[in-house]
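Participant: I'd like to ask you about the structure that follows.
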Amino acid sequence: MKAKRIFAMALAIMLAMSSVAYAASTETKEYAVTSSENLTQITLADLGEGELTEAKSVIHIDGKKYKATAVAVKETGHNQAVKREKTYTGLNGKKVKDTLKLKSGETLQLADVKWTEQTRTAATGTMTITGSDSKPDAPATKEITATLPDGRSITVTGNLQRVKQTGSSYSKPFTVKATFTGDEDVDTYMLGDTAIPNNPDSPAFTGYESAILTHLGLEPDQYKITAAKWTSGYVHKDGKIVRYAEYSGQRLTSDWTAYYTETLTADSPQVTTYDAIATYTNGVDADSTEYLITVTYEREGMTLLQKILLASAAIIIFGGLIAAILLIVRKKREKESETVTITEK
């Protein structure tokens, strides 16, 4: 029984010393790697390559060489790239917001801005002048409307640039009197070869403008009758019964346009503005996964100390076994050779 105990103790000592020796020959290293690739299936052959440059297949510790013998991968997190663009227009300076808050509550940071400079053109305006046969004198200035880059409209002063004839129109009023001969019983009045109906209420002219204007000595293509009225009843004149009428309308004259332009100065509102396209991100360039890579290394070859410990363990074990066996054998022999002496009295 004692021999078995001694053997068990010796074996335990040998295993313990061997474990210490083995533990001293291994190292474990952890590497944090962020990648857009799937690294869950990496092998020892992938160590030291690409995104695993930090996780070497061979390392040196205190001048000793260790070689990777096992690798394990664990996902520890995910990173999603978020990017938004915001357009700014009509800015007075090159300044945009540093952050952009999303509906989700996430706040993005300004990453890049592309600027476009806008120079406002001078506002222009016109004034139309009608009823003048000659070039009119237009005002030197006129209030005109300017539209700013931010969309607002303001009133500015425009300076006269030129006056130009731009057409013609029946825009100058005229009035002319006419005398019709005949009493109230006549059905028509004769104007040259044209018979005009006698309308007791107002002189007829619709359809007879050309004949009336020609009779009055006016050019039909220069005048347009728009109204007529009787200015008297039937009266006697020079032995005849007459009645007086008045025609009015518009005469054809030239139309003129005066052109005005705003004079821009450094004090003019929003002379130079800026448009911007701002890019906001969460700092992540691309979707990626975070990994924790654990590599187990074993030292190449055994150290002298490990050899001594293992040899010592073997010597102790075998020495203990021999000593135990010898002790058992000796005690057994002593027991077998022991005699009992009986003395009679």
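The values are calculated or read from the model by the stated rules, or taken from the named source; none is laboratory data. Owing to the predicted nature of the structure, the values given are computational and were not obtained by experimental measurement. Positions of Cβ are generated from backbone atoms using ideal geometry, with glycine treated the same way; all protein chains shown enter the neighbour counts. Accessible surface areas use protein heavy atoms only, side chains included; no ligands, DNA or RNA. Shrake-Rupley method; radii C 1.70, N 1.55, O 1.52, S 1.80 Å.
Participant: Which one is nearest to Ser168 (Cα to Cα) among residues in the range 115-139 that are open to solvent by 70 Å² or more (accessible area, probe 1.4 Å) and part of a loop (DSSP other than H, G, I, E, B)?
Facilitator: Asp133
Participant: Return the residues of the range 243-268 that are loosely packed, with under 15 Cβ neighbours inside 10 Å and within 60 Å of the chain's Cα centre (by Cα); say none if nothing qualifies. Explain how you work it out, then say what you get.
Facilitator: Taking the range 243-268 as the starting set, the residues that turn out to be loosely packed, with under 15 Cβ neighbours inside 10 Å are 248, 263, 265-267.
Once the filter is applied, which keeps residues that are loosely packed, with under 15 Cβ neighbours inside 10 Å and within 60 Å of the chain's Cα centre (by Cα), the range 243-268 yields Thr263, Thr265, Ala266, Asp267.
Participant: Search the range 228-247 for residues that are more than 26 Å from Gly207 (Cβ to Cβ) and pair each with any residue that is open to solvent by 40 Å² or more (accessible area, probe 1.4 Å) when their beta-carbon atoms are under 7 Å apart and the residues are at least 6 apart or on different chains.
Facilitator: Cβ pairs passing all conditions: Lys240/Thr181.
Participant: Inside the range 85-96, can you point out the residues that are in contact with a Ser or Thr (Cβ under 9 Å, 6 or more places away or on another chain) and modelled with pLDDT of 95 or more?
Facilitator: Glu85, Lys86, listed by residue number.
Participant: Still on this structure, please answer the following. Filter the range 175-199 down to the residues that are in a loop (DSSP other than H, G, I, E, B) and without any contact (Cβ under 8 Å) to a residue 24 or more places away in the chain, then identify the one that is surrounded by the fewest Cβ atoms within 10 Å (Cβ to Cβ). Before the answer, list the steps.
Facilitator: Initial filter on the range 175-199 (in a loop (DSSP other than H, G, I, E, B)): 182-187, 192-193, 198-199.
From what's left, without any contact (Cβ under 8 Å) to a residue 24 or more places away in the chain: 185-187, 192-193, 198-199.
Numbers: Asp185: 8, Val186: 13, Asp187: 8, Gly192: 8, Asp193: 6, Asn198: 17, Asn199: 12.
For the range 175-199, the residue satisfying everything is Asp193.
Participant: Go through (1) open to solvent by 40 Å² or more (accessible area, probe 1.4 Å); (2) modelled with pLDDT of 95 or more; (3) under 30 Å from Leu39 (Cβ atoms) for Ile277 and report which single condition fails.
Facilitator: The failed condition is (3).
Participant: Can you find even one residue in the range 226-242 that is open to solvent by less than 60 Å² (accessible area, probe 1.4 Å), at pLDDT below 95 and in contact with an Asp or Glu (Cβ under 6 Å, 6 or more places away or on another chain)?
Facilitator: Yes, the range 226-242 contains a residue that is open to solvent by less than 60 Å² (accessible area, probe 1.4 Å), at pLDDT below 95 and in contact with an Asp or Glu (Cβ under 6 Å, 6 or more places away or on another chain).
Participant: Is the range 201-216 home to any residue that is more than 15 Å from Ala245 (Cβ to Cβ), open to solvent by less than 60 Å² (accessible area, probe 1.4 Å) and not β-branched (Val, Ile, Thr)? It would help to see each step written out before you state the result.
Facilitator: Residues of the range 201-216 that are more than 15 Å from Ala245 (Cβ to Cβ), as a first pass: 207, 210, 214.
Adding the requirement that they be open to solvent by less than 60 Å² (accessible area, probe 1.4 Å) leaves none.
No, the range 201-216 has no match at all.
Participant: Condition (residue is outside any helix (DSSP H, G or I), open to solvent by 80 Å² or more (accessible area, probe 1.4 Å) and either modelled with pLDDT of 90 or more or among the β-branched types (Val, Ile, Thr) (or both)) applied to the range 12-28: is it met by at least one residue? Outline the logic, then answer.
Facilitator: Narrowing the range 12-28 to residues outside any helix (DSSP H, G or I): 24-28.
Narrowing further to those that are open to solvent by 80 Å² or more (accessible area, probe 1.4 Å): 28.
Subsequent filtering for residues that are either modelled with pLDDT of 90 or more or among the β-branched types (Val, Ile, Thr) (or both) retains 28.
Scanning the range 12-28 turns up at least one residue that is outside any helix (DSSP H, G or I), open to solvent by 80 Å² or more (accessible area, probe 1.4 Å) and either modelled with pLDDT of 90 or more or among the β-branched types (Val, Ile, Thr) (or both).
Participant: Taking the residues in the range 299-320 that are open to solvent by less than 70 Å² (accessible area, probe 1.4 Å) and touching a Phe, Trp or Tyr at 6+ places or on another chain (Cβ under 9 Å) as candidates, determine which candidate is modelled with the lowest pLDDT.
Facilitator: If we filter the range 299-320 for residues that are open to solvent by less than 70 Å² (accessible area, probe 1.4 Å), which is where we start, we get 299, 301, 303, 306, 309-314, 317, 319-320.
Of the ones still in play, those that are also touching a Phe, Trp or Tyr at 6+ places or on another chain (Cβ under 9 Å) are 299, 306, 317, 320.
Details: Arg299: 92, Gln306: 58, Ile317: 66, Gly320: 68.
The extreme case among them is Gln306.
Participant: Restricting the search to the range 200-227, which residues are under 13 Å from Gln250 (Cβ atoms), in contact (Cβ under 8 Å) with a residue 40 or more places away in the chain and out of contact with any Phe, Trp or Tyr (no Cβ under 6 Å at 6 or more places or on another chain)?
Facilitator: Leu218, Tyr223, listed by residue number.
Participant: Looking at the range 154-174, can you tell me whether even one residue there is under 19 Å from Trp230 (Cβ atoms) and in contact with a Ser or Thr (Cβ under 9 Å, 6 or more places away or on another chain)?
Facilitator: Filtering the range 154-174 down to residues under 19 Å from Trp230 (Cβ atoms) leaves 174.
Pick out the ones that are also in contact with a Ser or Thr (Cβ under 9 Å, 6 or more places away or on another chain) and you get 174.
Yes: one or more hits.
Participant: For the range 140-174, which residues satisfy the criterion of being assigned to a loop (DSSP other than H, G, I, E, B) and over 41 Å from the mean Cα position of the chain (by Cα)? Steps first, answer last, please.
Facilitator: Just the residues of the range 140-174 that are assigned to a loop (DSSP other than H, G, I, E, B), to begin with: 140, 148-152.
Hit for the range 140-174 is Ala140, nothing else.
Participant: For the range 157-173, which residues satisfy the criterion of being at pLDDT below 95 and open to solvent by less than 70 Å² (accessible area, probe 1.4 Å)?
Facilitator: Gly167, Ser169, Ser171
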